[in-house]
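The values are calculated or read from the model by the stated rules, or taken from the named source; none is laboratory data. It should be emphasised that the depicted structure is a prediction, and the values quoted were computed from it without experimental measurement. Ideal geometry is used to build each Cβ from the backbone, glycine not excepted, and the neighbour counts take in all protein chains shown.
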Amino acid sequence: MGTACYVKGAGDVFDKLCKKLGLQSGQCTPDGRFSLDACRCIGACGLAPVLTVNDEVYGKVTVDDIDTILAKYTG
Ligand code: FES
């Protein structure tokens with residue numbers, strides 16, 4: 001949710017993640033598999049909007065990428 005990411009649509013990406021996971025920022029799924037946090041900047045602004053899952057960095061993420069990204073961790 002840093003400026004570069006926010007301007008490039010991070011809010012919509014985050015909203016989709018909330019909906020898909022049934023979480024709000026700072027919450028964890030009942031099975032402990034996913035937690036969701038918004039942060040200000042991870043220093044990869046050139047790739048905005050950016051999200052990370054564990055140590056994996058995803059750049060230039062769109063709302064349409066979320067299903068594909070989550071599928072990697074739910075299969
Ligand atoms: S604002 Fe998103 S990585 Fe810097």
The condition of being on the phi < 0 side of the Ramachandran plot, part of a loop (DSSP other than H, G, I, E, B) and not small (Gly, Ala, Ser) holds, among ILE42, ILE69, only for ILE42
Complete set of residues in region 24-39 that are under 12 Å from the mean Cα position of the chain (by Cα) and either part of a loop (DSSP other than H, G, I, E, B) or over 15 Å from ASP55 (Cα atoms) (or both): GLN24, SER25, PHE34, LEU36, ASP37, ALA38, CYS39
Of all the residues that make up region 40-75, how many are near the ligand (Cβ under 10 Å from one of its atoms) and at pLDDT below 95? 1
Checked region 1-16 for anything over 11 Å from the mean Cα position of the chain (by Cα), more than 8 Å from the ligand (Cβ to nearest atom) and part of a helix (DSSP H, G or I); matches are VAL7
